[in-house]
Amino acid sequence: MQFQRQRREEVNINLTPLIDVVFLLLIFFMVSTTFTKETHLDVDLPQASAGEAVSQTESIDVLINAEGQYSVNGQALVNTQAQTLRRAIAETAGGDLSLPMIITADARTPHQSVVTAMDVAGQLGFTHLSISTREPDGD
């Protein structure tokens, strides 16, 4: 018996078509992607602490209940319109825009009601605005 070794061809992978496909995919994704910068608002929410709250003698307290009804310094308003809230805050402030305003909302209050109260305060020119928090329950 005569055994002869057969010559094997070298296996080569041609990378040129693979590189072409990768470049075509890259170009497709670059062309089809929209480069828009989304605007967003970074909000640092306050943390309640175990310390005592410093009470100020004069402030404007806006209370919003779960139904979205407003109350300014204990006086309930007749409706939930922004114009009514604006008039009540302006009368309570008496033209003094340096008074601090505290917005207190129920946990189930519609978000729009809180935003409306903040918007009215901003339109009237109040600069000292805070949203009250409550101390977390004991774990």
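The values are calculated or read from the model by the stated rules, or taken from the named source; none is laboratory data. In this text, all values refer to a predicted model and were calculated from it rather than measured experimentally. Neighbour counts run over all protein chains shown; Cβ positions are idealised from the backbone, glycine included.
Considering L85, L97, L77, the condition of being hydrophobic (A, V, I, L, M, F, W, C) and under 24 Å from the mean Cα position of the chain (by Cα) is satisfied by L85 alone. How about the stretch 115-139: which of its residues are within 16 Å of the chain's Cα centre (by Cα) and modelled with pLDDT under 90? Within the stretch 115-139, S130, I131 meet the criteria. Assessment of the stretch 74-84 against the conditions (of a type outside the set (A, V, I, L, M), under 16 Å from S59 (Cβ atoms) and buried (at least 17 other Cβ atoms within 10 Å of the Cβ)) yields no matching residue.
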